[in-house]
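For reference, the structure is listed below as structure tokens.
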Amino acid sequence: MTGQRISRVMIIGAGPAGMAAALQVARQGITPLLLERGETGGLLRNAHRVENYPGFPGGVSGRRLAGLFRSQLEEAGVVVSRAEVVKLDYREGLFVAETAGEKFRSRTAVVATGTRPLKPEGMEISPASAARVFYEVAAAREVSGEEVAVVGAGDAAFDYALYLSERNRVTVYCRGEKRRCLPVLWERCRREEKIRVVSGVQIDAVGSQKGKLLLEGVTSQGKDVSAKADSLFLAVGREPAIDFLSKQIRESMDGLREKKILYLAGDVKNGIFRQTAISVGDGIRTAMEIGRYFSEEDK
Ligand SMILES: Cc1cc2nc3c(=O)[nH]c(=O)nc-3n(C[C@H](O)[C@H](O)[C@H](O)COP(=O)(O)OP(=O)(O)OC[C@H]3O[C@@H](n4cnc5c(N)ncnc54)[C@H](O)[C@@H]3O)c2cc1C
């Protein structure tokens, strides 16, 4: 089935960047086509406490902030179309997004798809244990009263630990001796008696035994270690989620961006500078550039 209508603006991803872009596009009098494969709010829904988004003294949970973004989007009359874009192509002057059942066409496209998680290098996860291995806490809100393991040493790992410790006992496994998280997160984890941090251990196999996960690894001194857990959360880094871009788009990316018809906004393009306020700013700016593109055309 092929969608007949050609949108002026198609936004892929309804995380903070895509939602902000959609809001501003709508404000400029253009109806955006906003495609989202999951829940609106994106990665932000995982954040335990956001304390660096202006306007929220005392902080706000990522889930609540994402909910507020969603309400504002609804208020502006922006409709979110539930669909995963499996391929984005550019043909005969139009962007064509393919989803499982439909094709959507547009004159400009905003890729606001954020990042996808990396799997720890060399880690073997047995098929029997895979259902208890998660990459996002937002995908496992039901985890409660469990022994939970987290692998990672950055902000996300310690933020996950804080979130999970509200209802579970948590052990964080860090490969190196050094943590790479914000001091404030470390301090909070250190003070939380339900969180234990084990440094210098690389978990390299996840199996299952008597209904539990069996984590096996090695210490930095080469000693074998094993531990049990009910669930495992992996937070060892992320990479841009751009696998759905066609070869043709990848090859002509610079040209399409120079023509001001293709935009990347938010975490998908921000390297290590992955923050909500940056993504929101990117989304707003992108929408304003798109507004300018169409107003120049109308002259
Ligand atoms: C644990 C944790 C704590 C954090 N804490 C903070 C904090 O305190 N302060 C702060 O500023 N930031 C924080 N962040 C970072 C913040 O969540 C991100 O910077 C922000 O969500 C990025 O927004 P985005 O819109 O660029 O990408 P994302 O939020 O990743 O949104 C991308 C969206 O695109 C959708 N998508 C992807 N591919 C497709 C496709 N092919 N088709 C359709 N839809 C697709 C996804 O489902 C997702 O909804 C935290 C992140 C984590 C994980």
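The values are calculated or read from the model by the stated rules, or taken from the named source; none is laboratory data. Every value quoted in this text rests on a predicted model; they were computed, and no experiment measured them. So basically every Cβ, Gly included, is an ideal-geometry build from the backbone, and we count neighbours across all protein chains shown.
A few notes on this one:
- Yes/no for residue 208 being buried (at least 16 other Cβ atoms within 10 Å of the Cβ) and over 28 Å from residue 273 (Cα atoms): yes
- Residue within the range 91-98 that is within 15 Å of the ligand (Cβ to nearest atom) and either in the same structural domain as residue 185 (by TED's automatic domain parsing) or within 22 Å of the chain's Cα centre (by Cα) (or both) present: yes
- Residue 21 vs. criteria within 8 Å of the ligand (Cβ to nearest atom), among the small types (Gly, Ala, Ser), buried (at least 20 other Cβ atoms within 10 Å of the Cβ) and in the same structural domain as residue 77 (by TED's automatic domain parsing): no
- Contact annotation: no residue pair with Cβ atoms under 8 Å, 6 or more positions apart or on different chains, pairs a residue in the range 29-57 that is outside the structural domain of residue 8 (by TED's automatic domain parsing) with a partner that is in a loop (DSSP other than H, G, I, E, B) and more than 6 Å from the ligand (Cβ to nearest atom).
- All positions within the range 266-299 that are farther than 24 Å from residue 92 by Cα and of a type in the set (A, V, I, L, M): 268, 272, 277, 278, 280, 284, 288
- The strands (runs of 3 or more DSSP E) falling completely within the range 157-234 that include 2 or more residues that are within 22 Å of residue 128 (Cα to Cα) map to 169-174, 201-209, 212-219, 224-229, 231-234.
- Checklist (1) within 14 Å of the ligand (Cβ to nearest atom); (2) over 30 Å from residue 27 (Cβ atoms); (3) surrounded by 14 or more Cβ atoms within 10 Å (Cβ to Cβ) applied to residue 141, failing item: (3)
- Annotation: of all residues in the range 24-44 being within 12 Å of the ligand (Cβ to nearest atom) and among the aliphatic types (A, V, I, L, M), the one that is nearest to residue 105 (Cα to Cα) is 33.
- Any hit, the range 102-112, residues being within 10 Å of the ligand (Cβ to nearest atom), modelled with pLDDT of 95 or more and more than 29 Å from residue 176 (Cβ to Cβ): yes
- Conditions (1) under 22 Å from residue 120 (Cα atoms); (2) modelled with pLDDT of 95 or more; (3) not charged (D, E, K, R): number failed by residue 278: (1)
- Qualifying residue in the range 279-293 (condition: charged (D, E, K, R) and part of a loop (DSSP other than H, G, I, E, B)): no
- Residue match in the range 250-265 (condition: near the ligand (Cβ under 10 Å from one of its atoms), in the same structural domain as residue 11 (by TED's automatic domain parsing) and in contact with a Leu (Cβ under 6 Å, 6 or more places away or on another chain)): no
- Applying the condition of being within 9 Å of the ligand (Cβ to nearest atom) and farther than 20 Å from residue 48 by Cβ to the range 274-287 and asking which residue is surrounded by the fewest Cβ atoms within 10 Å (Cβ to Cβ) yields 282.
- Matching residues, the range 45-58, being within 10 Å of the ligand (Cβ to nearest atom) and surrounded by 15 or more Cβ atoms within 10 Å (Cβ to Cβ): 45, 46, 47, 48, 49, 50, 53
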